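One structure below.
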Amino acid sequence: MIPYGRQEITQQDIDSVTEVLQSDFLTQGPQIPLFEQNLASYCGAEHAVAVNSGTAALHLACLALGVGPGDMVWTSPISFVASANCALYCGAGIDFVDIDPETANLCVKKLRQKLERAERNKTLPQVIIPVHLAGQPCDMKEIKQLADQYGFKIIEDACHAIGGRYDNEPVGNCRYSDITVFSFHPVKIITTCEGGAATTNDKALAEKMQLLRTHGITRDETLMTKVSDGPWYYQQIDLGFNYRITDLQAALGTSQLKRVDEVVAKRHQLVQRYNEKLKKLPLLHLKQTSDGYSSYHLYIIRIQTGETDISHLEIFSKLREMGIGVNLHYIPIHTQPYYLQLGFKPGQFPEAEKYYSEAITLPLFHHLRHEDQDRVIECLSRVLR
Ligand SMILES: *Cc1c(COP(=O)(O)O)cnc(C)c1O
């Protein structure tokens with residue numbers, strides 16, 4: 001089976017992890033701050049906080065922005081469930097903004113209309129989480145303008161998008177957001193095995209996330225609410241979690257981060273090859289915007305169901321039978337049983353549901369060989385014919 005995604009691990013990656021294994025610290029050593037510095041500097045952000053998953057980063061980002069019971073968070077229905085779950089972890093409500101059918105990112109026009117309604121009903125959201133689907137940046141300038149107008153905060157879910165650029169600047173610099181969140185799961189652009197991070201230009205937000213990733217415990221006497229008992233003393237001043245990343249993972253992250261531009265450039269080459277060779281098939285591609293440079297975490301096609309006799313399900317199943325590890329990103333979150341039980345209804349976000357009935361993710365990863373890519377193309381052409 002040709003998988004839809006696969007990590008790339010070099011000898012340099014292996015060496016950097018082995019070195020840490022033989023050092024004094026397996027966790028909470030010097031590799032974590034080093035990775036954080038490297039990440040912040042790559043993204044052009046002032047602070048980076050590394051944690052043990054993208055999901056943990058989303059949770060901490062919400063908490064740092066004060067999301068809690070009585071608040072509302074909005075995101076895109078076409079994302080991984082974690083983009084919405086993070087609001088529920090905080091006891092807040094969640095709602096969705098339907099996608100733009102061309103990009104499959106959250107639709108700014110629908111966002112504006114929904115905000116106008118919410119203002120009248122006094123149900124404005126505290127936080128909006130735009131998701132850069134497949135690595136293509138959302139229309140952040142417009143979203144930021146609406147944030148200034150309506151007073152909500154922005155968390156960019158850039159779990160797909162490290163190495164992507166918006167307006168010629170790296171995703172993660174938080175020029176148009178409060179916090180940006182990344183995932184370093186093995187299928188993503190770069191990996192730390194499990195792992196994630198949040199970047200921000202706000203020192204207080206960074207400190208809050210640092211505190212909460214390690215139980216809400218501090219050893220900084222200036223933050224303590226009573227005088228230290230002695231050199232052993234630490235104080236829990238908030239309720240946090242164990243969301244720490246390890247030094248092993250951070251070392252892998254630093255090593256992987258060195259190649260991120262090269263990895264994204266390779267993805268662009270492979271995408272161009274797909275685009276060229278799939279031109280004649282009844283497919284739609286996600287529109288690439290002029291101010292965005294996608295990291296191409298995923299290569300997503302949409303079947304033009306009107307133009308072929310074979311169903312989406314049949315196409316998908318046949319490709320799997322032929323050894324092509326196609327996938328589907330994503331099942332609209334609001335149609336998940338857990339979300340239906342919260343009161344969401346099928347049909348509520350029609351563009352997301354239409355997208356779901358047409359989308360297929362084709363294999364795309366750094367070491368995808370041309371012969372394997374050609375096999376994917378040939379199988380897809382055969383199935384569609
Ligand atoms: C992968 C992913 C997450 C969660 O990241 P983990 O590191 O797996 O916890 C969140 N949002 C999106 C869009 C993702 O693709």
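The values are calculated or read from the model by the stated rules, or taken from the named source; none is laboratory data. What you see is a predicted model, and the numbers here were worked out from it, not measured in a lab. Cβ: placed from backbone, ideal geometry, glycine included. Neighbour counts: every protein chain shown. Accessible surface is based on the protein model in full, side chains and every heavy atom, while ligands, DNA and RNA are left aside. Shrake-Rupley method; radii C 1.70, N 1.55, O 1.52, S 1.80 Å.
Determine if the range 123-139 includes at least one residue that is farther than 23 Å from Tyr338 by Cβ, in contact with a Cys (Cβ under 9 Å, 6 or more places away or on another chain) and small (Gly, Ala, Ser). No, the range 123-139 contains no residue that is farther than 23 Å from Tyr338 by Cβ, in contact with a Cys (Cβ under 9 Å, 6 or more places away or on another chain) and small (Gly, Ala, Ser).
Within the range 274-289, the set of residues being open to solvent by less than 50 Å² (accessible area, probe 1.4 Å), closer than 19 Å to Arg382 by Cα and of a type outside the set (A, V, I, L, M) comprises Tyr274, Pro282. Screening Leu380, Leu319, Leu364, Leu368 for residues that are more than 16 Å from the ligand (Cβ to nearest atom), in a loop (DSSP other than H, G, I, E, B), crowded, with 17+ Cβ neighbours inside 10 Å and touching a residue at least 40 places away in the same chain (Cβ under 8 Å) leaves exactly one candidate, Leu368. Restricting attention to the range 166-216, the residues that are without any contact (Cβ under 8 Å) to a residue 60 or more places away in the chain and within 16 Å of the ligand (Cβ to nearest atom) total 2. Between Gly253, Gly306, the distinction of being part of a helix (DSSP H, G or I) and modelled with pLDDT under 95 belongs to Gly306 only. Put simply, of Gln126, Gln145 the only residue that is open to solvent by 40 Å² or more (accessible area, probe 1.4 Å), more than 15 Å from the ligand (Cβ to nearest atom) and without any contact (Cβ under 8 Å) to a residue 12 or more places away in the chain is Gln145.
Going by the structure shown, is Tyr293 within 15 Å of Ile78 (Cβ to Cβ) and either within 16 Å of the ligand (Cβ to nearest atom) or within 23 Å of the chain's Cα centre (by Cα) (or both)? Judged against the criteria, Tyr293 is not a match. Of the residues Ala251, Ala265, the single one that is over 30 Å from Ala352 (Cβ atoms), away from the ligand (no atom under 16 Å from the Cβ) and crowded, with 22+ Cβ neighbours inside 10 Å is Ala251.
The selection criterion, being part of a loop (DSSP other than H, G, I, E, B), aliphatic (A, V, I, L, M) and farther than 30 Å from Asp238 by Cα, holds for Ile189.
Filtered by the rule that a residue be out of contact with any Lys or Arg (no Cβ under 8 Å at 6 or more places or on another chain), in contact (Cβ under 8 Å) with a residue 12 or more places away in the chain and open to solvent by 60 Å² or more (accessible area, probe 1.4 Å), the range 24-39 gives Phe25, Leu26, Pro30, Leu34. For the range 40-52, the candidate set comprises residues that are closer than 11 Å to Pro170 by Cα and open to solvent by less than 40 Å² (accessible area, probe 1.4 Å); within that set, the residue that is nearest to the ligand (Cβ to nearest atom) is Cys43. Would you call Val108 closer than 28 Å to Ile300 by Cα, among the β-branched types (Val, Ile, Thr) and over 18 Å from the mean Cα position of the chain (by Cα)? So Val108 fits the description; yes. With respect to the stated conditions, Thr254 is of a type in the set (Val, Ile, Thr) and within 25 Å of Gly54 (Cα to Cα).
Checking each residue in the range 53-66 for being part of a loop (DSSP other than H, G, I, E, B) and within 16 Å of the ligand (Cβ to nearest atom) picks out only Ser53.
Tell me, please, whether a residue that is of a type in the set (Lys, Arg), modelled with pLDDT of 95 or more and either touching an Asp or Glu at 6+ places or on another chain (Cβ under 6 Å) or assigned to a loop (DSSP other than H, G, I, E, B) (or both) can be found in the range 92-109.
No, the range 92-109 contains no residue that is of a type in the set (Lys, Arg), modelled with pLDDT of 95 or more and either touching an Asp or Glu at 6+ places or on another chain (Cβ under 6 Å) or assigned to a loop (DSSP other than H, G, I, E, B) (or both).
In the range 79-98, the residue that is farthest from the ligand (Cβ to nearest atom) out of those that are in contact with a helix residue (DSSP H, G or I) (Cβ under 8 Å, 6 or more places away or on another chain), aliphatic (A, V, I, L, M) and farther than 12 Å from Asp157 by Cα is Ala92.
On the stretch given as the range 192-219, residues that are β-branched (Val, Ile, Thr) and in a loop (DSSP other than H, G, I, E, B) total 1.
Residues that are part of a loop (DSSP other than H, G, I, E, B), away from the ligand (no atom under 16 Å from the Cβ) and out of contact with any helix residue (DSSP H, G or I) (no Cβ under 7 Å at 6 or more places or on another chain) are absent from the range 155-165 altogether. Among the residues of the range 161-181, those identified as open to solvent by 10 Å² or more (accessible area, probe 1.4 Å), of a type outside the set (D, E, K, R) and within 15 Å of Val264 (Cβ to Cβ) are Tyr166, Asn168, Pro170.
Every listed requirement among (1) assigned to a helix (DSSP H, G or I); (2) more than 9 Å from the ligand (Cβ to nearest atom) is met by Trp74 save one, (1). The conditions of being of a type outside the set (Ser, Thr, Tyr) and more than 16 Å from the ligand (Cβ to nearest atom) are met by Leu21.
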